[in-house]
Amino acid sequence: MNPIIVYYSRTGTTKEVGEYLAEKLKCPSIEIIDLTQRKGPLAYLFGGKDAMDRKLTQIEKVKEDVFKYDLVIIGTPVWASNITPAVRTFLTQNPVKKVAFFATAGGNNVGLTFHEMEKLTTTPKATLALTTFEVKSNKFKEKADEFLKKL
């Protein structure tokens with residue numbers, strides 16, 4: 001298997017998971033860079049609204065050809081029960097067909113998030129839903145390892 005990890009992370013939580021998965025798989029990882037300023041409380045609110053409205057955003061050009069990989073593992077934070085505009089934009093620009101998904105959320109509601117990602121790509125090989133608490137308290141690795149076994 002020749003995988004790559006692609007993720008967006010506003011606060012670093014999703015990045016932590018993405019980097020852990022990349023380390024375990026010994027594969028490259030790419031952070032999607034949203035060119036819209038998303039830091040701070042107001043940007044957080046506008047970001048949630050953009051996610052609910054299923055808006056696209058400007059992202060930095062990805063420097064890697066993701067189509068040369070057997071599996072693209074895509075990670076997103078959950079904003080307003082949805083994928084972030086940066087991940088939506090990436091998936092719209094790169095309609096990859098062999099995927100797995102992971103998401104980090106303040107709560108447990110990620111079902112719609114994975115459904116939206118699937119609509120932009122295909123049925124994922126596996127999914128991993130983690131709460132922010134699990135990641136910040138370093139309790140996510142067991143779930144992440146189970147996710148990796150499904151790949």
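The values are calculated or read from the model by the stated rules, or taken from the named source; none is laboratory data. Keep in mind the model is a prediction, meaning the values are calculated, not measured. Quick reminder, even Gly has a Cβ in these numbers, built from the backbone with ideal geometry, and neighbours come from all protein chains shown.
Name the residue that is surrounded by the most Cβ atoms within 10 Å (Cβ to Cβ), counting only residues in the range 20-39 that are touching a Ser or Thr at 6+ places or on another chain (Cβ under 6 Å) and farther than 20 Å from G106 by Cβ. Write out each step before concluding.
Just the residues of the range 20-39 that are touching a Ser or Thr at 6+ places or on another chain (Cβ under 6 Å), to begin with: 22, 34, 36.
Applying the additional criterion that residues be farther than 20 Å from G106 by Cβ yields 22, 36.
On the way: A22: 18, T36: 14.
So the residue we want is A22.
Being under 13 Å from T84 (Cα atoms) and among the small types (G, A, S) is the filter here, so list the residues in the range 102-119 that pass it.
Those that are under 13 Å from T84 (Cα atoms) and among the small types (G, A, S): A103, A105.
Tell me the residue from T92, T76, T113 that is assigned to a helix (DSSP H, G or I), in contact with a strand residue (DSSP E or B) (Cβ under 7 Å, 6 or more places away or on another chain) and not basic (K, R), please.
Matching residue, one of T92, T76, T113: T113.
Would you check if K149 is under 21 Å from Y20 (Cα atoms), part of a helix (DSSP H, G or I) and over 15 Å from the mean Cα position of the chain (by Cα)?
Details: under 21 Å from Y20 (Cα atoms): yes; part of a helix (DSSP H, G or I): yes; over 15 Å from the mean Cα position of the chain (by Cα): yes.
Yes; evaluated as a whole, the condition is true for this residue.
Restricting attention to the range 107-151, which residues are charged (D, E, K, R) and without any contact (Cβ under 8 Å) to a residue 60 or more places away in the chain?
E118, K119, K125, E134, K139, E142, K143, E146, K149, K150
Considering (1) part of a loop (DSSP other than H, G, I, E, B); (2) at pLDDT below 95; (3) out of contact with any Lys or Arg (no Cβ under 7 Å at 6 or more places or on another chain), say which one R38 fails and leave the rest.
Only one criterion in (1) part of a loop (DSSP other than H, G, I, E, B); (2) at pLDDT below 95; (3) out of contact with any Lys or Arg (no Cβ under 7 Å at 6 or more places or on another chain) is unmet by R38, namely (3).
Could you pull out the residue among N138, N82 that is out of contact with any Phe, Trp or Tyr (no Cβ under 9 Å at 6 or more places or on another chain), surrounded by 14 or more Cβ atoms within 10 Å (Cβ to Cβ) and not basic (K, R)? Before you say what the answer is, go through the steps one by one.
Values: N138 fails: surrounded by 14 or more Cβ atoms within 10 Å (Cβ to Cβ).
Every option except N82 fails the conditions.
Would you pick out the residues in the range 49-67 that are among the basic types (K, R) and either outside any helix (DSSP H, G or I) or in contact (Cβ under 8 Å) with a residue 60 or more places away in the chain (or both)?
R54, K55, K61, K63, listed by residue number.
Listed here are the residues, each with its yes/no results for (1) of a type outside the set (A, V, I, L, M); (2) over 16 Å from the mean Cα position of the chain (by Cα); (3) within 16 Å of Q93 (Cα to Cα).
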site	(1), (2), (3)
L21	no, no, no
Q37	yes, yes, no
F46	yes, yes, no
K61	yes, yes, yes
V72	no, no, yes
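Filter the range 100-116 down to the residues that are crowded, with 23+ Cβ neighbours inside 10 Å and hydrophobic (A, V, I, L, M, F, W, C) and list them by number.
Once the filter is applied, which keeps residues that are crowded, with 23+ Cβ neighbours inside 10 Å and hydrophobic (A, V, I, L, M, F, W, C), the range 100-116 yields F101, F102, A103, V110.
Which ones in the range 1-28 are of a type outside the set (A, V, I, L, M) and either touching a Cys at 6+ places or on another chain (Cβ under 6 Å) or in a loop (DSSP other than H, G, I, E, B) (or both)?
N2, P3, Y8, S9, R10, T11, G12, K26, C27, P28
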